[in-house]
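The values are calculated or read from the model by the stated rules, or taken from the named source; none is laboratory data. Bear in mind that the values here come from a model prediction, so they are computed numbers and not experimental data. Note: ideal-geometry Cβ built from the backbone for every residue, glycine included; neighbour counts use all protein chains shown. With ligands, DNA and RNA removed, areas are computed over all heavy atoms of the protein, side chains included. Shrake-Rupley method; radii C 1.70, N 1.55, O 1.52, S 1.80 Å.
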Amino acid sequence: AEHSASFGYGKIILLGEHSVVYGRHAIATPIGLTIQAEVTHQEHGTELVIARWDTDAAYDPIGAGLAEQVTALIAERLGLAGKGMRVDVFPHLPRASGLGASAALAVAIIRAIADRFGLAISDSEVSSLAFECERIVHGTPSGIDNTVATFGRSILFRNPNMASDAAAPEIADIVTPGPIQIVIGLTGVRSLTSHTVGIVRAAWEKNPARYEAIFSQIDELVLAGVGALRRGDLAELGDLMNMNHGLLGALQVSSPELETLVGVARRAGALGAKLTGGGGGGAMIAVTEPGAAESVGSAMRQAGFVTYLTEIR
Ligand code: PMV
């Protein structure tokens, strides 16, 4: 159909980024911000057109021709290599901000191409192909971003064998008694996940035992988080987020701007605040008492940052 937008969801990681790359659990939830794509007829060659970002007027969600590589890989895997097509991408997610823009981009393009050429493709096929695209962009993705970008549900995720192509991630739905409001804060500092994942990788290679211990501690926080979410225990969830942020600091993936935002949110009464996604810049999240999200968000905006509200459901 003419305007049936194909899209991929942006996401936040509630607990467990980085350690999820080492086979531990993480919890992620989709956000209302998406990337959309549309494919139209073109006689020859593939043309990729990326509209301006709503948010910051940068053109390319992942930069440096990677979107072209991703598009070519998708066309090839769908048996359409060399077919003429024009792919328009409409990003409503800021780039390089820890909100999963690259996975959302891949999912949107896969769905738009499949739709245009009448290919039946299941959600799990979409997710697997987006995972291959994430490998181009990130190197060693855990698979959590493409999963949430595709399915658009809150999940507990674990990829037990990152090294194997055949590894099937374990995915379970997250249950909450009602919607839980989350404030997202953007540092405005772009940071590539491949870079911070590389920092953690280098440190882990130097001292695997020490880093494995931190990853396992984070894993325990994530599993406790599943229970806190099920009970709607926001104070416990906040504590777990604060501790997870401390351990992410130990992994050296925080940044001065993230620390500022986390501090502002906590002083404004947030029950917990932490960086989300790759870190090194990008975004942070805060959980508040019911009804307090607006005032915490307002304190963050007064400190000069862009905020979004989302809900875990
Ligand atoms: O920065 P984002 O939105 O791509 O999130 C990355 C999450 C990591 O755990 C750091 C990497 C991964 O592949 O899971």
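Counting only alpha carbon atoms, the long axis of helix 193-206 and the longest principal axis of the chain meet at about 60°.
Springs join every pair of Cα atoms under 10 Å in this Gaussian network model of the chain, and among VAL222, VAL287, VAL200 the largest mean-square fluctuation is at VAL200.
When +1 charges are put on Lys and Arg Cβ atoms and -1 charges on Asp and Glu Cβ atoms, the dipole computed for the chain relative to its Cα centre reaches about 440 debye. Computed over region 143-302, the convex hull of the alpha-carbon atoms projects to a mean area of 9.7 nm². Each residue of region 252-263 was assigned a 3J(HN,Hα) from its phi angle through the Karplus expression (A = 6.51, B = -1.76, C = 1.60, θ = phi - 60°), giving 6, 10, 7, 8, x, 5, 5, 5, 4, 4, 4, x Hz with x at Gly and Pro. Taking Cα atoms, how many degrees apart are the long axis of helix 123-138 and the longest axis of the chain, rounded to 10 and kept between 0 and 90? On a 0 to 90 degree scale, this one is about 80. Each residue of region 230-236 was assigned a 3J(HN,Hα) from its phi angle through the Karplus expression (A = 6.51, B = -1.76, C = 1.60, θ = phi - 60°), giving 4, 7, x, 8, 6, 5, 5 Hz with x at Gly and Pro.
Of the heavy-atom accessible surface of the chain (probe 1.4 angstrom), what whole percent is carbon and sulfur? Intermediate results must be reported in sequence, preceding the final value.
Working: 6650 of 12710 Å².
Heavy-atom surface of the chain belonging to carbon and sulfur, 1.4 Å probe: 52 percent.
Classification of region 257-313 by its C-alpha gyration tensor yields an oblate form. The axis ratio a/c (a ≥ b ≥ c) is 1.5 or more, and b/c is at least a/b.
Assuming a ≥ b ≥ c are the square roots of the Cα gyration tensor eigenvalues, decide whether region 179-248 counts as rounded (a/c under 1.5), prolate (otherwise, with a/b larger than b/c) or oblate. Show your work: numbers first, answer last.
On the way: a/c = 3.20, a/b = 1.39, b/c = 2.31.
The shape class here is oblate.
Does region 217-313 come out rounded, prolate or oblate, given a ≥ b ≥ c as the square roots of the eigenvalues of its C-alpha gyration tensor, rounded meaning a/c under 1.5 and, failing that, prolate meaning a/b above b/c? Cα axes put region 217-313 in the oblate bin. Taking amide H as placed 1.01 Å from N in the peptide plane, the amide H of VAL306 sits under 5 Å from that of LEU186, each at least 5 places away or on another chain. Summary value for region 4-173: 31 percent relative contact order, contacts being C-alpha pairs under 8 angstrom separated by 6+ residues. Given R0 = 25 Å, the distance between the Cβ atoms of ALA213 and GLU170 translates into a calculated FRET efficiency of 0.65. For the chain, the fraction of C-alpha pairs farther apart than 36 angstrom is 15 percent.
Taking 7 Å steps out from each Cα toward its Cβ at ALA250 and ALA72 produces label points 4.3 nm apart. Remark: the chain carries 41 Å² of accessible area per residue (probe radius 1.4 Å; ligands, DNA and RNA excluded). Note down the net charge around ALA114, summing +1 for each Lys or Arg and -1 for each Asp or Glu among other residues with Cβ under 14 Å from its Cβ. Local charge sum for ALA114: -1. How many angstrom separate the Cα center of region 266-296 from the Cα center of region 72-89? Using only Cα atoms to place each centre, the spacing works out to 39 Å. For the chain, the longest principal axis of the alpha carbon atoms and the long axis of helix 66-77 meet at an angle near 60°. A simple spin-label model places pseudo-atoms 7 Å from Cα toward Cβ; at LYS83 and ARG267 they are separated by 5.5 nm.
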